[in-house]
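Heads up, the thing below is written out as structure tokens.
The values are calculated or read from the model by the stated rules, or taken from the named source; none is laboratory data. Note that the coordinates shown come from a computational prediction; the quantities given were computed from them, not determined experimentally. Ideal geometry is used to build each Cβ from the backbone, glycine not excepted, and the neighbour counts take in all protein chains shown. Note: accessible area is taken over every heavy atom of the protein model, side chains too, but ligands, DNA and RNA are not part of it. Shrake-Rupley method; radii C 1.70, N 1.55, O 1.52, S 1.80 Å.
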Amino acid sequence: MSFSIADAALKAKKAARQVANLTAQQKNQLLADIAAALLANTDNILTANIKDLNAAKENNLDAAMLDRLALDPERIQSIADAVIEIAAQADPVGNIANIQRMPSGIQVGKMRIPLGVIAMIYESRPNVTIDAAALCLKAGNAVILRGGKEAIHSNLALATCIEIALAKQQLDPAAVVVVPDTDRGVMNELMSLDESIDLIIPRGGEGLIRFVCENSRIPVIQHYKGVCHLYVDSAADEVKALNILKNGKTQRTGVCNSLETLLVHQDVAATFLPKAAALLAEYNTVIHACENSIEYFSGAQIATEEDWHAEYLAMEIAVKVVADFEKAIEHIEEYSSGHTEVIVSQDYSKTQAFIRRVNSAVVMANASSRFSDGGQLGLGAEIGISTSKLHAYGPMGAESLTTEKFIVMGDGEVRA
């Protein structure tokens, strides 16, 4: 029997009504069951993941893509832990805020409600299958998950764990749909189903996200890329700056919160850049340096305009010496993708000015860009990092997957 995305979306719309009416306790138990099923089925998931990894290597996928695709027992445990963390959070659905009594006598407030049906279109990260399902369910939504062909075996194995949990709670299996067909035509049809689907969240390369934004009839949450900057100020603690550079650039290069551009105040360039050069050389980092910093790096390439826009997702970084704090801000304002920016400085006034003036989704002082992650920021997990300002900005947890409705309570009042 062939798969129909239109039929799946209609069924998800119906299932969404059931999920929206679940109590907080019921949703949390469902999430606990998903986490338990993941751990119980670890061997099956890893077997499926090996199929995907072998195919990816045959198709010459790059190292960053392979890293995103790969699962191991520790990563599966981490995924399960994230589901439990989501379950432990307060339920956003039903919360009423900002109750006010109007001059007419009525009381007006806003209640958080589910969005309905959310579609995820994503590429090689199988963990997104579970993170997205868990967050959508916590927020009372149904979800349609369309992963890339490179992770299809892993995604279907993970889908089995979700199906087990839904069945255990006697819930409609259409509440979470993992699309088994990776044909591009299915994705194109999905983007046209505006009567069944309320929101699309694409997660992957910039090309995928732009394609979805340009072709969807459904509202889209955007996350184009992560061009994350580290600015080392004249008042920086250089030991802290080196540690933050090391963690942000080298810990895991293929993720969107890794550093791509290093900005250094000219007053500390002569002392800091040789240390940075030695550190980056240990990791065989490709350097794209401006004319004022290239002398500090052996074998560096002169930076071009494209390098300031680049999301390398590799052991590669752009380096620029800036004249002062204002020039650092100007550079970030011009080239930022709106993801994450970091300042290292012991000058409190500078860190506060940086936090106030830089309007990326996450702005940090004296901390690694690698903390720009839903789990690290207290969300349990994230469904994505929005770099557009509507309807959410930054890492998106369960609350970002709800909206608000006005509620009015009266005692027989009528409008004059």
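Below, the figures for the structure above:
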{"read-out": "Pair list, Cβ < 6 Å and 6+ apart or interchain, from the stretch 239-251 residues that are aromatic (Phe, Trp, Tyr) and at pLDDT 95 or above to residues that are open to solvent by 80 Å² or more (accessible area, probe 1.4 Å) and assigned to a helix (DSSP H, G or I)", "value": "none"}
{"read-out": "Residue identified as small (Gly, Ala, Ser) and over 17 Å from ALA12 (Cβ atoms) among GLY116, GLY140, GLY204, GLY147", "value": "GLY204"}
{"read-out": "Residue ranges of strands (runs of 3 or more DSSP E) in the stretch 92-154 with at least 1 members open to solvent by 10 Å² or more (accessible area, probe 1.4 Å) and farther than 30 Å from ALA55 by Cβ", "value": "96-101, 107-114"}
{"read-out": "Some residue of the stretch 299-306 being over 30 Å from ALA392 (Cβ atoms), assigned to a strand (DSSP E or B), of a type outside the set (Lys, Arg) and open to solvent by less than 50 Å² (accessible area, probe 1.4 Å)", "value": "no"}
{"read-out": "Extreme residue, nearest to LEU39 (Cα to Cα), among residues of the stretch 155-173 that are touching a residue at least 60 places away in the same chain (Cβ under 8 Å) and among the charged types (D, E, K, R)", "value": "LYS168"}
{"read-out": "When residues of the stretch 1-45 are limited to those that are in contact with a Leu (Cβ under 8 Å, 6 or more places away or on another chain) and open to solvent by 10 Å² or more (accessible area, probe 1.4 Å), the one farthest from SER78 (Cα to Cα)", "value": "ALA6"}
{"read-out": "Residue list for the stretch 175-231, filter: open to solvent by 20 Å² or more (accessible area, probe 1.4 Å), part of a helix (DSSP H, G or I), among the hydrophobic types (A, V, I, L, M, F, W, C) and within 15 Å of LYS149 (Cα to Cα)", "value": "LEU208"}
{"read-out": "Cβ-Cβ under 7 Å pairs, at least 6 apart or on other chains, the stretch 56-84 side closer than 14 Å to ARG125 by Cα, far side open to solvent by 20 Å² or more (accessible area, probe 1.4 Å) and part of a loop (DSSP other than H, G, I, E, B)", "value": "ALA64/THR253; ALA64/LEU313; ALA64/ALA314; ARG68/ARG125"}
{"read-out": "ALA314 vs. criteria at pLDDT below 95, surrounded by fewer than 22 Cβ atoms within 10 Å (Cβ to Cβ) and over 16 Å from ASP233 (Cα atoms)", "value": "yes"}
{"read-out": "Hits in the stretch 308-350 (condition: more than 15 Å from SER258 (Cβ to Cβ), in contact (Cβ under 8 Å) with a residue 40 or more places away in the chain and of a type in the set (D, E, K, R))", "value": "LYS320, ASP324, ASP347, LYS350"}
